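Remarks on the structure that follows.
The values are calculated or read from the model by the stated rules, or taken from the named source; none is laboratory data. This one's a predicted model, so the numbers in the text were calculated from it and none came from an experiment. No Cβ is skipped: glycine too gets one built from the backbone with ideal geometry, and neighbour counts run over all protein chains shown. Accessible surface is based on the protein model in full, side chains and every heavy atom, while ligands, DNA and RNA are left aside. Shrake-Rupley method; radii C 1.70, N 1.55, O 1.52, S 1.80 Å.
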Amino acid sequence: MRKILSNKVFWIFTIFFFLVLLEHQALWLYHDDYGYASLSYLFNYNGAIGMNTSFRDIIDFLIFHYNNWGGRILYFLIEIISLRIGLPFYRFLQSLIITIIFVLIYKIVSKYTKMNDYKLAIFSCACYGLFEIMTFRSGIFWPTASVLYIFPMLPFLLFIYLYKPNMSGLKYFLCLILIFLASWSQEQTSTMALAFIGIYTLHDFILTKKFNLKNITMCLSSLIGFTLLLLAPGSMTRLNSSADFANLSLITKIKYNLPLIISNVFGSYTKIFTILFFLVCFYWIYMCQKKENKFKLFNKVALISDISILIYTALREEGYFSYFFNLVDNNIYKNFMMIVLTLQLGLILLTVLVYFYNQKKYLLIYLIISSCCSLAVMLVAPYYPLRSNIMFNIVFFIIALYTFAIILKTKINTQYILIPLLIISFINFAAISFGYYVNNKVNVYNDKILKESSVQIKNGNIITSIELKKLPDALYAIEMPYDENYDYIKTYMKYYYDLPQDVLLEYK
C-alpha cells in the first residue's frame, strides 16, 4: 500500500480520472441516446418500448436492430444497460474507460521502451485534452457515439498490451476475447483490429518462416467479430438508406471521400492534433535523414512537405489540405491536387515507416498501418463525421508518446515539450468543460421538469404541454429537438421519460 501511495504514476492517473469525472458531470443525453435507452430508436420496431421493459425486451430489440439496421449491437447493449442503471453510472463508466485507455497508452509505451518515468504518464493524460470541440461533441460527449468510438478502444489497446505469440493459459483466452470484442464493435475499429492482428501474423510468418497457431486463432477470433458486424442483415438495409452513394463506382467514391477524409483528419477543427502529428513526423523524418541511405532525396522532400504543412497550419485558420483541395473549383485541378497532396502525405508516412522498419520497431508499424486502415474503410462510406478520427487519434497518441520517451532518453530538456503540451491541453480541456457546464443548468432544469411532469401525469394530473428551455450555447451539444428537422427526438424523449406521446414539448 505504501508503494502505491508513493507512486507518482498512480497519482497522476488518479487525478486525471477525477478531472474527467468532474467534466462528465455535465454530460447529458442527446438525439438517439433517448431512443436506444428506451428501445424506441427504430420506428418500425413493434416490440416493448419504454424504460420499464425487461432484459428479454432489450435482447429482442437488439435482435431486431441486427436484422433491420446493423450489427453494432454489442456496445449498444452496454449503453442501454448503463443508461437504465442511471446517467450518473454512465458518466462514471465512461470516465473510467477513458482513464483506462490513457493508462494503456502509457503502459504500452512503458513496456515497449522499458521506461516508467512519470513524465510519460503526464504526456499520456495531456493527449486527452487535444480532442477539440467539434470532435468531442460528436464522439465523446454523445453516449450513442461514444460507446462505438471510445469503448472498443479499451479491449483493442488491452490486447496490444497483453498479447504475445508464445502466451498460454488464461491470458491467451483473455486475448481471444479482447480481439473479438474490439472486432465486433464498429466498422472502423473492427477493420483496425483485424488489420493489426493480420499484419502481425503475416510479418511474424515472414520473420520465422512458419505460422504461429496462436496468431492464427487470434486472426480467426477477430474475423468472426468482423463478420458478425459487417454481414448483419440490417447492414444492407442501412446501406440502402444511402442508395445514391452506394450506386456510385469505387473510383467515384474514392475521388469524393479521399479529400474529405484527409481534410477532416488534418483540418481547421483538428489543428492541435495536426500540429502534434506533423511535429512527431518531423522528428522521425529528421532522424531518418541523419542516417546514411539511398533515399536522401525522398527524405528531403518529405521533410520540406512536413515543415510546409506545419507552418501553414500554425499561421492559417483553414487546414492545409482543405485549402489546396478547394483552391480552384475545377475537376481537373481537384483530381490533380488529390493525387499530389495524397502523395505528399503518403511520402511523409512512408518515410516514418521506413525508419521504424530499419530500427525494427515493428509494433509501431503495425499500429500506424492498422490505424490508417480505420480511415481507409471510410472511403466507401456515404459521409465522414469528425468522430471517425478518434480511433486514428488514440493510436497515434501511442506513437507520440513513444517519440517523447525516446527524446526523454536523450539530454534534451523535455520540459520545453511537456509544459507547452500541458498548457495547450489544459486550456482546451477547461474551455470545453466550461462550455458544457454553461449548458448544465438548463439540462438539469429540463430533466427535473420532465421527471416531475411524468410523476404528475401518473398521479392523475392532466398535462397537455411541458415548457422547457433551450440551451444557451449550441456548440456544446449536438442536434436538439428544437432544431429544424429534428422534432422526432421528442418522440424518443417521451418514451425515455415515460410521458404520453400526445403531450407537447415546447422549448422557449
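A few remarks follow.
- Taking the numbered list (1) open to solvent by 10 Å² or more (accessible area, probe 1.4 Å); (2) over 25 Å from the mean Cα position of the chain (by Cα) in turn, residue 215 passes all entries but (1).
- For segment 184-222, residues that are assigned to a helix (DSSP H, G or I) and in contact with a Leu (Cβ under 6 Å, 6 or more places away or on another chain) total 3.
- In the set (1) of a type in the set (S, T, N, Q); (2) modelled with pLDDT of 95 or more; (3) in a loop (DSSP other than H, G, I, E, B), residue 293 fails one condition alone, (2).
- Residue match in segment 379-394 (condition: in a helix (DSSP H, G or I) and surrounded by fewer than 18 Cβ atoms within 10 Å (Cβ to Cβ)): yes
- Taking first residues from segment 75-93 that are closer than 13 Å to residue 146 by Cβ and partners that are in a helix (DSSP H, G or I) and open to solvent by 60 Å² or more (accessible area, probe 1.4 Å), the Cβ contacts under 7 Å between residues at least 6 apart in sequence or on separate chains come to 82/89.
- Only one of the numbered conditions (1) surrounded by 21 or more Cβ atoms within 10 Å (Cβ to Cβ); (2) free of Cβ contacts under 8 Å to residues at least 12 places away in the same chain; (3) among the small types (Gly, Ala, Ser) is violated by residue 35, and that is (2).
- The requirement of being free of Cβ contacts under 8 Å to residues at least 24 places away in the same chain, out of contact with any Asp or Glu (no Cβ under 8 Å at 6 or more places or on another chain), surrounded by 14 or more Cβ atoms within 10 Å (Cβ to Cβ) and assigned to a helix (DSSP H, G or I) is satisfied by residue 174.
- Residues that are within 25 Å of residue 91 (Cα to Cα), open to solvent by 20 Å² or more (accessible area, probe 1.4 Å), without any contact (Cβ under 8 Å) to a residue 40 or more places away in the chain and assigned to a helix (DSSP H, G or I) within segment 443-470 comprise 444, 445, 448, 449, 452, 455, listed in sequence order.
- Identity of the residue in segment 395-416, open to solvent by less than 20 Å² (accessible area, probe 1.4 Å) and among the polar types (S, T, N, Q), that ends up modelled with the highest pLDDT: 403
- Matching entry among 160, 140, 179 (being modelled with pLDDT of 95 or more, buried (at least 22 other Cβ atoms within 10 Å of the Cβ) and closer than 30 Å to residue 34 by Cβ): 140
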